[in-house]
Amino acid sequence: MRIQKGQWHVFAAVSVIAFLVAGAAFASSIPAGRSPIGPLRDSFPTPSFPTPVPGPSPGPPGAQPRPAASEILGPCTASGSAAPTIVCTLVLDNNSLVKGYYLNEFSTSFPTQLVYDSGKGQIFEANGFGPNLSAISASTNKIVATMGGGDSPYGLAYDGKLGEIFEANQFDDNITVLNDTTDSSVANITVNGLPTEVAYDTATTNVYVTNSVGDDYGNVSILSTVNNSEIGNITVQESPTAIVYDNANEELYVANSYADSVSVIAGATEKVVATVGVGEEPYALAYDSGRGEIFVGNLNSNNVTVINDTTNSVVANVNTSDLSPSVLTYDHATGEVFMANYTENDTGVIADATNLYFPLVAAGEEIEGLVVDPTNGFLYEADSESGALYLVDPGTEALSPLITSFEPTAPTATLGTSTTFTTTAAGGAGALSYAYTGLPAGCTSADSSTIPCTPTTLGTYTSKVFVNDTAAHSVNATTTLKVVPKPAATYGIAFTETGLPSSTAWFITLKVGTSSVGPSTSFSEPNGSYSYTVDAVSGYTASPSSGPVTVNGAAQSIPITFTASSSKIGPPPTKGNNSSGSSSSGTILGLSPVDLLVVLIVIVAVVATVAALVVRGRKPPAQTGGMYPPPGTPGGPPPGWGAPPAGWAPPPQGPPPGWGGPPPPGYPPGPGGPPPPAGPPPG
């Protein structure tokens, strides 16, 4: 199991919690299912599971039904079918070989990566539980040896010169070296954090290991096969996962999953010589020796990037039908790249001649390893969840044609004008042939990838193309074409004016039925009868100011003459549009009518305010009854003040409350009032 992007910290936390509760929760046994990983695995007895027995469940979509128990057999042979077929299933728990597809629901095995040992003719499988490495005979397809290793093995590499297998143990931070003759461990080499994958350099005989976490997060360890020790490190980019060796150029390619890039390392100098940008989260690599290309599986962008190993440039991006390529392997015999999808459990194949993806089979629960055995042509798939290896006969379906596009020049075509249907297809055995159905009238089928035609009838048409190869494979695709009427011809209607100053704006409104198609001074209309009006311009009279116009297969030109009117005030308006589309008004004393009205209102308001203040200054203050004696009496107001109110009489005593001061001169004090002022009255 490879720890994916964003999973490492979560996994570490879960491991700590599991360690704390393991003793109480699993003191005597553990439930049926996969054994715990890491140190806990050795602290408890191995659970007992029933021997796998074929049942009635058909398994995942596309898989064959489980066979009867009597069909457990010996060596597998090719199916001979053109369609891809799961020929046999090797159940690792009990080393049972079952005919056809079998999904093991209770497994203690956890197969991850696979590697082919050409010297022994064996498939080596890294197992996360129990014995860490199993050797499977390519002739019998049975386990022939098991050997120990480290904790949570994943990546494998084969050294053909020494006959050794290098196994990356993720949680032990080391590499176990195993001899394929004695089937035993010969060394353990400590490396950096979370070693993931391994590659063997046939030129230098060194082994390279990607370290995706730890203090040296983002480097590659260099191991010597002479003394089985780490002899150096190469810094690459973030989180290197997959690594593959190109023996033609003696270079190593490293997928940096967090950096969305591939680092190219020269084996002779052990230096990074190039960095190639690829898709999102590159996670898997395969080297195509036939074409000199590197295939890069991008988990998050759901495609495979193809890199030319001479120029170290991207030459293609393969659409994998929204699947996430997690494992890749190259088949030297067919020149094809097989791909496993980690999440959907589908296997597909990419034809390297066309860079086209074809679905293969759907099986298992979590395919983590792929390898091709060149001796029998089988593709081996390691299912880490069901603890099984599936032996797949790819058949010949991968050679069937593939249509990547089928479409007309445009989705809408005009009646009587030319369009072209174009089909893009590739793959298949031999030359491809083409046939079409559902074409519009005026279009005829032909054995060609392009069909030029001129539709002669209106409507919406669903057309289909059939592409066939010489091996009787046939695929098809559909497209839609809508044929619409040809638009009517239009002709110009131009209005020209004379009589206005050059800076004057003027406008025409052309009526089409009840809709306005203006204002403007020129129009383009189909044949028909129309009416027009000339918008008023202040100070001028237009002639004609309105009228009809008829378009009949030719352009029209209508002169408009403006003459100055006697009511013209001020200079003519300048060009400019307003909300109504009419011309600007004249001015008075340099002001527009609106501005002049505002000025007049302000003047009237000021005059009224001044007059009110003058009148108010001449008016005597209002009298208050009983406050003063009548005019002419001692201390009373001066003559001319005005007569007191009818029936007025002096109060019997001093000034009323609220007077606020001494009584007026001569005012007679009343009983209890203030004494008269001493001396003569004031002034």
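Listed by first and then second residue, the pairs with beta-carbon distance under 9 Å, at least 6 apart or on different chains, first residue in the stretch 264-277 and of a type in the set (S, T, Y), second in a strand (DSSP E or B) and crowded, with 17+ Cβ neighbours inside 10 Å, are T275/N256; T275/S261; T275/V262; T275/S263; T275/V264.
Taking first residues from the stretch 140-161 that are more than 15 Å from D117 (Cβ to Cβ) and in contact (Cβ under 8 Å) with a residue 12 or more places away in the chain and partners that are in a loop (DSSP other than H, G, I, E, B) and open to solvent by less than 40 Å² (accessible area, probe 1.4 Å), the Cβ contacts under 6 Å between residues at least 6 apart in sequence or on separate chains come to G148/N132; G149/N132; S152/G128; S152/Q170; P153/N132; Y154/R2; Y154/Q170. Scanning the stretch 519-543 for residues that are free of Cβ contacts under 8 Å to residues at least 24 places away in the same chain, under 23 Å from Y491 (Cα atoms) and open to solvent by 60 Å² or more (accessible area, probe 1.4 Å) returns a single hit, S529. Each residue in the stretch 462-491 was checked for being open to solvent by less than 70 Å² (accessible area, probe 1.4 Å), without any contact (Cβ under 8 Å) to a residue 40 or more places away in the chain and either among the acidic types (D, E) or in contact with a Gly (Cβ under 6 Å, 6 or more places away or on another chain) (or both), and 1 pass.
Condition check for A157 on (1) within 22 Å of S107 (Cα to Cα); (2) part of a strand (DSSP E or B); (3) of a type outside the set (D, E, K, R): one failure, at (1).
Take the stretch 170-186 and flag every residue that is assigned to a strand (DSSP E or B) and open to solvent by less than 20 Å² (accessible area, probe 1.4 Å). So that I can check it myself, show each step before the final result.
Our first condition is that a residue be assigned to a strand (DSSP E or B); within the stretch 170-186, this holds for 174-179, 184-186.
Passing the criteria: I175, T176, V177, L178.
Residues that are acidic (D, E), out of contact with any Leu (no Cβ under 8 Å at 6 or more places or on another chain) and more than 30 Å from L481 (Cα to Cα) are absent from the stretch 404-412.
The numbered conditions (1) surrounded by fewer than 24 Cβ atoms within 10 Å (Cβ to Cβ); (2) under 24 Å from the mean Cα position of the chain (by Cα) are all true for V296 except (1).
Taken together, the residues in the stretch 149-183 that are among the hydroxyl-bearing types (S, T, Y) and touching a Leu at 6+ places or on another chain (Cβ under 7 Å) amount to 0.
Considering only residues in the stretch 127-139 that are among the polar types (S, T, N, Q) and at pLDDT 90 or above, the one that is surrounded by the fewest Cβ atoms within 10 Å (Cβ to Cβ) turns out to be S137.
Restricting the stretch 308-365 to residues that are among the aromatic types (F, W, Y) and within 19 Å of Q113 (Cα to Cα), which is least open to solvent (accessible area, probe 1.4 Å)? Can you show your working first?
Of all residues in the stretch 308-365, those among the aromatic types (F, W, Y) come to 330, 338, 342, 357-358.
Within this subset, residues satisfying the condition of being within 19 Å of Q113 (Cα to Cα) are 330, 338, 342.
Values: Y330: 26, F338: 2, Y342: 42 Å².
Checking each candidate, the answer is F338.
Taken together, the residues in the stretch 441-456 that are under 37 Å from the mean Cα position of the chain (by Cα) and farther than 20 Å from A471 by Cα amount to 3. Considering the conditions (1) open to solvent by 50 Å² or more (accessible area, probe 1.4 Å); (2) touching a Pro at 6+ places or on another chain (Cβ under 8 Å); (3) closer than 30 Å to S139 by Cα; (4) of a type in the set (S, T, N, Q), T396 is excluded by exactly one of them, (2). When you look at A441, is it part of a loop (DSSP other than H, G, I, E, B) and open to solvent by 20 Å² or more (accessible area, probe 1.4 Å), yes or no? Yes; evaluated as a whole, the condition is true for this residue.
Among the strands (runs of 3 or more DSSP E) contained in the stretch 464-563, which hold 2 or more residues that are more than 30 Å from S449 (Cβ to Cβ)? Walk me through how you get there before you give the answer.
Working: elements: 474-484, 491-498, 508-512, 522-525, 528-534, 540-543, 546-551.
Strands (runs of 3 or more DSSP E) meeting the threshold: 491-498, 508-512, 522-525, 528-534, 540-543, 546-551.
Just one of the listed residues (I165, I86) is without any contact (Cβ under 8 Å) to a residue 60 or more places away in the chain and among the β-branched types (V, I, T), and it is I165. Scanning the stretch 410-425 for residues that are more than 22 Å from N468 (Cβ to Cβ), out of contact with any Cys (no Cβ under 8 Å at 6 or more places or on another chain) and surrounded by 14 or more Cβ atoms within 10 Å (Cβ to Cβ) returns A413, T414, L415. Got at least one residue in the stretch 287-295 being at positive phi, charged (D, E, K, R) and part of a loop (DSSP other than H, G, I, E, B)? No, every residue in the stretch 287-295 fails to be at positive phi, charged (D, E, K, R) and part of a loop (DSSP other than H, G, I, E, B). Scanning the stretch 306-330 for residues that are polar (S, T, N, Q) and assigned to a strand (DSSP E or B) gives N308, S313, N317, N319, S326, T329. Kindly indicate whether any position in the stretch 391-411 is closer than 25 Å to T241 by Cα and either among the β-branched types (V, I, T) or under 35 Å from the mean Cα position of the chain (by Cα) (or both). No - not one qualifying residue is present in the stretch 391-411. Taken over the stretch 212-269, the residue count meeting the criterion of being closer than 24 Å to G160 by Cβ, part of a strand (DSSP E or B) and among the aliphatic types (A, V, I, L, M) is 14.
Looking at the stretch 108-126, which of its residues are in contact with a Pro (Cβ under 9 Å, 6 or more places away or on another chain) and open to solvent by less than 10 Å² (accessible area, probe 1.4 Å)? Full working, then the answer.
Within the stretch 108-126, the first condition is being in contact with a Pro (Cβ under 9 Å, 6 or more places away or on another chain), and the residues that meet it are 108, 112-113, 116, 118, 125-126.
Within the stretch 108-126, T112, E125, A126 meet the criteria.
Counting only residues that are modelled with pLDDT of 90 or more, touching a Gly at 6+ places or on another chain (Cβ under 9 Å) and either buried (at least 23 other Cβ atoms within 10 Å of the Cβ) or polar (S, T, N, Q) (or both), how many does the stretch 151-164 have? Adding up the residues that qualify gives 1.
The values are calculated or read from the model by the stated rules, or taken from the named source; none is laboratory data. Predicted, not measured: the structure shown is a model, and the values here were computed from it. Ideal geometry is used to build each Cβ from the backbone, glycine not excepted, and the neighbour counts take in all protein chains shown. Accessible surface areas use protein heavy atoms only, side chains included; no ligands, DNA or RNA. Shrake-Rupley method; radii C 1.70, N 1.55, O 1.52, S 1.80 Å.
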